[in-house]
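Following: one structure in structure tokens, then a few remarks.
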Amino acid sequence: MSMEENIKEGLVKNFSFLENKIQVQRPRRLLLDVDLERFEEVFEYLTKGLKFGHLIAITGLDEQDKLSFIYHMAQDGGIMINIKTSVPKDNFAIKTISGRFPSAEVYERELVDLLGAKVEGLPEGSRYPLVDDWPKGQFPLRKDWKTK
Amino acid sequence: MAIKAVKKILTWARIKSPWIIHFNTGACNACDIEIIAALTPRYDLERFGVLLKGTPRHADVLVCSGPVTKEVEPRLKRIYEQMVEPKFVIAVGTCACTGGVFSGCYNIKGGIDTVIPVSAYIPGCPVSPKAIIDGTVKLLVSLEEKK
Amino acid sequence: MSDKNKFKIPIGPQHPALKEPESFSVALKGEKILGVDIRLGYNHRGVEKACEERTYIQDMYLVERVCGICSHSHSTCFVQAVEEIAGLQVPRRALYIRTLVSELERIHSHLLWLGVAGHEIGFDTLLMYTWRDREVVMDILAELTGNRVNYGMNTIGGVRRDINPDQIKKVLKGMDILEERTKYYIEVASKETTVIKRLLGVGILSHEDALRLDAVGPTARASNVNRDVRRDDPYAAYSEVSFNVITDDHNDIYGRTLVRVKELMEAYKIVRQVLKDMPDGPITVKAPRKIPAGEATSRYEAPRGEDMHYVKSNGTEKPERVKIRAPTLANIQAVKHMLKDRFLADMPIVIAAIDPCFSCTDRLISINDLDRTKSEIVTWEGLRDYSIKWYKEKGIDFSKVEI
């Protein structure tokens with residue numbers, strides 16, 4: 001069995017609710033969909049237990065009534081897992097992972113600025129990447145936001 | 001008569017040794033490295049007396065590359081205002097001329113001329129060092145004609 | 001410590017040496033840096049949004065212009081993701097040509113870095129030398145692709161230009177010249193005492209910190225992090241060529257310099273192999289105008305480190321979402337860490353040592369509220385001059401170096 005299948009099986013064994021939520025996209029690429037409530041434990045297991053210790057980026061998506069976040073994590077051997085989680089659009093926050101992954105700080109700021117996501121526990125600091133006097137409530141990466 | 005002579009000397013000096021300052025207004029770096037390449041041995045813009053300076057107060061020519069981003073716009077104005085008269089602006093690259101591929105992006109104002117007056121446009125993506133030399137020399141020649 | 005003893009210096013956003021706008025706010029105590037606040041965003045153009053508004057083919061040219069130094073990196077990374085979604089089988093010859101251009105780009109980028117690093121430490125002779133030699137590879141790139149930078153080589157399903165035997169000869173000749181020169185640079189970088197004095201032990205990033213801060217590229221590899229996408233997650237023709245991943249355990253700028261010059265030698269090796277083994281055949285397959293719905297992530301080892309693109313399609317001719325993570329952004333936290341408790345005079349070279357590319361990153365660094373009574377505005381050039389003088393007083397003088 002390939003490494004990817006191994007990882008998939010191991011995950012399902014530990015977290016039964018993940019069955020049918022894991023997809024091997026191609027060799028060295030896994031896609032995982034997890035609910036926000038269970039995100040933390042799964043993320044903990046993947047980063048510590050399975051050594052997906054290299055955070056590549058966090059992608060934010062606007063999917064109509066919800067915002068989705070994809071955490072791109074990699075293992076040293078080259079296998080990459082994309083962990084996806086979603087929140088309803090208004091007033092739901094995700095927790096910062098910048099405590100464990102300091103490099104996440106900029107990625108999370110980007111989510112706040114461009115997508116209007118709420119990130120709990122993000123350290124104080126200057127905004128990124130928009131200008132300081134950018135109008136409030138305008139999020140360029142939202143689908144309903146049009147370039148004027 | 002004396003003033004005329006002084007003016008003549010000033011123009012002569014300006015043409016023989018224009019000092020430039022380079023400012024990236026949001027470019028992708030391609031034009032910027034080509035500007036540096038124009039100053040290094042293969043192309044050697046310095047043979048026309050061109051000297052790259054670090055501060056706008058010493059410079060005669062502002063060489064801009066890239067479309068103007070919203071964040072950089074006030075800075076560009078400030079740098080332009082810090083330069084002493086007479087001053088010239090060269091827009092290097094298609095983006096600096098018109099906004100190029102980035103026109104229409106939300107954080108982009110457009111070409112350099114949407115913010116400050118431009119004396120010479122050098123299009124290209126990126127501009128080759130040869131074109132930069134050609135553009136600079138053309139600007140210098142136009143100064144000579146004006147005197 | 002109270003805020004009163006701190007001295008804050010804003011640097012930038014205009015500075016000629018790094019060629020890009022960014023702004024650092026440095027808190028100092030005497031000569032020591034207490035902390036750095038980096039304000040990014042001067043170069044933010046909104047490329048990701050623009051990608052959603054244009055077609056895939058237009059996006060190819062747009063992402064290529066995310067960064068003018070690693071243009072082929074971004075376009076290849078993007079096109080790989082699109083091809084994965086569309087399920088296209090790219091001809092092998094096209095993959096080989098992509099690999100060739102990507103290594104030529106690494107050569108030009110590393111030579112460029114070596115020159116910039118030389119400039120930052122006051123060793124302008126090195127700048128002039130490396131940039132002169134860099135023209136050799138620029139000529140090759142212009143010959144193969146038709147442009148010196150922003151090659152426009154890729155298209156969805158392959159590459160746009162083939163390569164002929166005449167060009168192969170020219171490339172090989174160029175590689176011979178550059179290999180000779182690089183041997184000399186390795187000599188300069190590793191044995192010249194002035195260089196060693198200036199770089200050894202500066203900008204320390206320990207192995208643990210490099211892992212913790214997710215550093216990428218030569219910055220991480222100089223801290224003995226054995227990570228290289230080309231080997232770990234091979235793309236294009238990298239699974240078919242042999243090369244060494246260069247690591248170093250100096251953990252400092254000296255190590256980063258060595259990693260880069262040695263990587264140059266590996267790049268020559270790869271170029272030669274690619275040219276020798278280049279298969280015959282078509283260079284492109286027909287790609288549909290509309291890309292079926294799906295999503296893909298693509299990784300690519302750019303000269304500065306790992307580049308990642310995420311593309312999501314919705315079945316139309318325009319992508320639903322394009323996410324670009326350029327290598328410099330991943331290294332920002334590492335720079336902050338490297339600068340802390342170091343001397344102000346080391347700042348230019350520490351920042352230059354990650355080979356920053358802020359146009360990639362913003363697609364970036366501002367000045368916070370400062371203690372007006374005690375602040376000073378420094379341009380990058382000013383800081384560079386200060387650092388050169390500071391080291392000169394300590395006996396490190398590049399004008400005395402015989403080269």
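The values are calculated or read from the model by the stated rules, or taken from the named source; none is laboratory data. Keep in mind it's a predicted model, so treat the numbers as computed, not measured. Note: ideal-geometry Cβ built from the backbone for every residue, glycine included; neighbour counts use all protein chains shown. SASA here: full protein model, heavy atoms, side chains in, ligands and nucleic acids out. Shrake-Rupley method; radii C 1.70, N 1.55, O 1.52, S 1.80 Å.
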For this session: Can you find, among C:G122, C:N147, C:L211, the residue farthest towards the positive end of the dipole of the stretch C:115-213? Put +1 on the C-beta of Lys and Arg, -1 on that of Asp and Glu.
Result: C:N147
Exercise. What is the magnitude of the charge dipole of the protein assembly as shown about its Cα centre, with +1 placed on the Cβ of each Lys and Arg, -1 on the Cβ of each Asp and Glu, and no other charges, expressed in debye to the nearest 20?
Worked result: 1580 debye
Exercise. To the nearest 20 debye, what charge dipole does chain A have about its Cα centre, counting +1 at the Cβ of each Lys and Arg and -1 at the Cβ of each Asp and Glu?
Worked result: 320 debye
Exercise. Taking the Cβ-Cβ separation of A:A93 and C:T316 as r and a Förster radius of 45 Å, what is the calculated FRET efficiency to the nearest 0.05?
Worked result: 0.90
Exercise. Size of the dipole of chain B about the Cα centre, Lys and Arg at +1 and Asp and Glu at -1 on the beta carbon, nothing else charged, in debye to 20?
Worked result: 520 debye
Exercise. Is the stretch B:32-94 rounded, prolate or oblate when judged by the Cα gyration tensor, a ≥ b ≥ c being the square roots of its eigenvalues, rounded requiring a/c under 1.5 and prolate requiring a/b larger than b/c?
Worked result: oblate
Exercise. According to the square roots a ≥ b ≥ c of the eigenvalues of the Cα gyration tensor, what is the shape class of chain B, taking rounded for a/c under 1.5, prolate for a/b larger than b/c otherwise, and oblate for the remainder?
Worked result: prolate
Problem set entry | Where labels lie 7 Å past Cα in the beta-carbon direction, separation of C:Y386 and A:E9 in nm | 6.1 nm
Exercise. Mean separation of Cα pairs under 8 Å and 6+ residues apart, divided by the residue count of the stretch B:17-146: what relative contact order is that in percent?
Worked result: 27 percent
Seminar exercise, completed: Rounded to the nearest 10 Å², the accessible area of A:F92 using a 1.4 Å probe with every protein chain kept is 110 Å²
Exercise. Probe 1.4 Å, all protein chains in place: accessible area of B:S128 in Å², nearest 10?
Worked result: 40 Å²
For this session: Would you mind computing Rg(Cα) / (2.2 N^0.38 Å) for the protein assembly as shown, counting N as its residues?
Result: 0.94
For this session: Go through C:E179, C:E48 and list them by solvent-accessible area, largest first, probe radius 1.4 Å.
Result: C:E179, C:E48
Problem set entry | Relative contact order (%) - chain A, alpha-carbon pairs under 8 angstrom, separation at least six | 17 percent
Seminar exercise, completed: With x for Gly and Pro, the residue-by-residue ³J(HN,Hα) of the stretch C:69-85, computed from phi through the Karplus equation 6.51 cos²θ - 1.76 cosθ + 1.60 at θ = phi - 60° and given in whole Hz, is 9, 10, 5, 5, 4, 5, 5, 5, 4, 5, 5, 4, 5, 5, 5, 5, 5
Problem set entry | ³J(HN,Hα), Karplus 6.51/-1.76/1.60, whole Hz, each residue of the stretch C:146-163, x for Gly, Pro | x, 9, 6, 9, 6, 5, x, 7, 7, 9, 5, x, x, 10, 8, 10, 8, 10
Problem set entry | Cα gyration tensor category, rounded, prolate or oblate, for the stretch A:3-92 with a/c compared to 1.5 | prolate
Seminar exercise, completed: When the charge dipole of chain B is computed with +1 on Lys and Arg Cβ and -1 on Asp and Glu Cβ about the Cα centre, the Cα farthest towards its positive end, among B:P74, B:G49, B:V89, belongs to B:G49
Exercise. Residue by residue through the stretch C:327-337, which ³J(HN,Hα) values in whole Hz follow from phi under the Karplus form 6.51 cos²θ - 1.76 cosθ + 1.60 (θ = phi - 60°), with glycine and proline marked x?
Worked result: x, 4, 4, 5, 8, 4, 5, 5, 5, 4, 5
Problem set entry | Restraint check, B:K53/C:K389; A:K48/C:K323; A:K21/C:K312; C:K29/C:K336; A:K95/C:K49; A:K84/C:K286, Cα-Cα greater than 23 Å | A:K48/C:K323; A:K95/C:K49; A:K84/C:K286
